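Since the structure comes first, as structure tokens, the remarks are kept for the end.
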Amino acid sequence: MSHDTVRTSGAAEVLAAHSEFLLPAIMPYYEEPLVLEEGSGSWVRDADGREYLDAFGGILTTSLGHCHPRVVEAVREQAGKLGHTSTLYVTAPMVGAARRLAAMAPGALGRSFFTNSGTEAVETAIGLARAYTGRTEVIALRGAYHGRSALTTTLTAQGSWRPLSSTQAGITHAMAPYPYRCPFGQPCDERCAEALARDLEETILTTTNGRPAAFIAETIQGVNGVVVPPSGYFRRTAEVIRRYGGLLVIDEVQTSCGRTGGHWFGIEHWGVVPDIMVMAKGIAAGLPVGVTITTDEIAAGWKGKSISTFGGNPIAMAGMTAALDVMVEEDVRNLAATRGARLIAGLELLAACHAWIGEVRGMGLMVGLELIEDGPGKVPSPGRAKALLEAARQEGLLVGVGGLYDQVLRLGPNLLFSDSEVDEALERLGRACRQVD
Ligand code: PMP
């Protein structure tokens, strides 16, 4: 971070202006929201000059840390060369980014459509599925989060994220995996995956006309609190949706680019190739990019015109290509696997000291701690999650919260988070846990 930055205003003034000029629906974290001014690698600095270790990465988005020099350089260079064209013109950065993604994506997924957010990428995926199948009905999962538009908030199945516009027709929700609270038995395993696949089939038979366009699911439900489906789940559900003629749409907005460790995309852990896959967040290391990727055949199903003025913007594409280069060179898939294992092992030790940490779960560097009340019944504890979020901030550590009841603490640091940063995060979180005790 540069130390000679001229401060334009203190935190108090920025916060006052935030409450005056922005929609109150924007609800920043913390009793007193945090005003961030600078970031470098795994660290950010607030408007009062205090530094924090960032273990949430702007919701798993600054995948290479803040202001990675290669990404900054690519953006700077492209901004000085050609900043915008729209999709009416062809640019090398857009083609280059699409080519790299095609090389990384599983199976025959090789045709991309670029937008500016996860929401738009999901919209595009559902549009593609409907165009290709000539059908309209879509099944999503309870607990899902897919975005903020009318369609994607209807796909979303957490009441607090569904505004009045979440009323689109033709969308129903099947039971979602939730191993910690699985109604089909403990441990939640292949048998539960089978029961959940049966529920998907029943949902198709009872709440649709039996001809679904698609089943959409996050590989790991992030906003719902880092919920990892049991082994076999996607193999079975893919079989069900395809048997009824629908497509499998996988939302990798949080789980792409090596986040889950060992593979580029989360779904690869389940050995399934989706028909359409959606990415955003970390895929461009913090630049606003959404991607929908599919096969030649499905892509050809979209006959009408479509345009995205900013989608595939050359600056975002140049930055994204640089980010993907770094991800491949540094092999962040394996870094996420080893650093994630170190993080989870440390969190397990913390959980052994605090009975109110009900479960530590996750894959790679996508991790959640489900917090519960004292006593039996695994009662969700949003109060403890809120207290821990605040205490972590006091200790100079940024983490996130999720879960239907806001009862899950989430960690999603950048994929270059070092061993010593993992240890530092664990130490700070340990102190925060003792504050909550
Ligand atoms: N899908 C998933 C799985 C997400 O987590 C999110 C964002 N939290 C979205 C879609 C929507 O992305 P965006 O906020 O970029 O529109």
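The values are calculated or read from the model by the stated rules, or taken from the named source; none is laboratory data. All values reported here derive from a predicted model rather than from experimental measurement. A quick note on method: Cβ atoms are made from the backbone with ideal geometry, for glycine too, and the neighbour counts reach across all protein chains shown. For accessibility, only protein heavy atoms count, side chains too; no ligands or nucleic acids. Shrake-Rupley method; radii C 1.70, N 1.55, O 1.52, S 1.80 Å.
Table for the structure above
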read-out	value
Extension gain, V328 back to F310 (0.36 nm per residue minus Cα-Cα distance, nm)	3.9 nm
Net dipole in debye of the stretch 175-318 [+1 Lys, Arg Cβ; -1 Asp, Glu Cβ; about Cα centre; nearest 20]	240 debye
Where N is the number of residues in the stretch 70-330, Cα Rg divided by 2.2 N^0.38 Å	0.99
Unit charges at the beta carbon, dipole of the chain: most positive-side option, G107, Y180, I204	I204
Proximal lysines relative to K378, as straight alpha-carbon distance under 18 Å, when same-chain residues fewer than 8 apart are discounted	K386
Helical mean residue ellipticity (222 nm; -39500 (n - 2.57) per DSSP H run of 4+; nearest 500) of the chain	-11500 deg cm²/dmol
Set of the stretch 404-426 residues, backbone N closer than 12 Å to the point 7 Å along the Cα-Cβ line of L349	423-426
Distance in nm between pseudo-label sites at R99 and E373 (7 Å out along the Cβ direction from Cα)	5.9 nm
Centroid-to-centroid separation of the stretch 415-430 and the stretch 308-354 [C-alpha atoms, Å]	15 Å
q = 0.08, 0.13, 0.17, 0.21 Å⁻¹: log10 I(q)/I(0) that the Debye formula gives for the stretch 1-158, counting C-alpha atoms only	-0.38, -0.99, -1.33, -1.38
Listed residues I26, G134, I344: farthest to the positive end of the dipole of the chain (Cβ charges)	G134
Mean accessible surface per residue for the stretch 386-437, computed with a 1.4 Å probe while every protein chain stays in place, in Å²	35 Å²
Gap separating the Cα centres of the stretch 262-293 and the stretch 209-246, nearest whole Å	15 Å
Residues of the stretch 70-330: accessible area per residue with a 1.4 Å probe, Å²	39 Å²
FRET efficiency for I26 and E194, using Cβ-Cβ distance with R0 set to 56 Å, rounded to 0.05	0.85
Label-point separation, D296 to Q435 (7 Å along Cα→Cβ), nm	5.7 nm
Spatial separation of Cα centroids for the stretch 124-164 and the stretch 37-73, in angstrom	31 Å
Of all DSSP beta bridges in the stretch 70-330, antiparallel share, percent nearest 5	40 percent
Dipole magnitude (debye, nearest 20) for the stretch 70-330, charges at Cβ of Lys, Arg, Asp, Glu	480 debye
Dipole of the stretch 70-330, positive end: most advanced residue of W264, F234, S306 [Cβ charges, Cα centre]	S306
The chain - charge dipole about Cα centre, Lys and Arg +1 at Cβ, Asp and Glu -1, debye rounded to 20	1320 debye
Chain lengthening between T206 and A150 when straightened (0.36 nm per residue, less Cα-Cα)	17.8 nm
Surface share of carbon and sulfur [accessible, 1.4 angstrom probe, percent] for the chain	56 percent
Average projected area [Cα convex hull, the chain], square nanometres	20.7 nm²
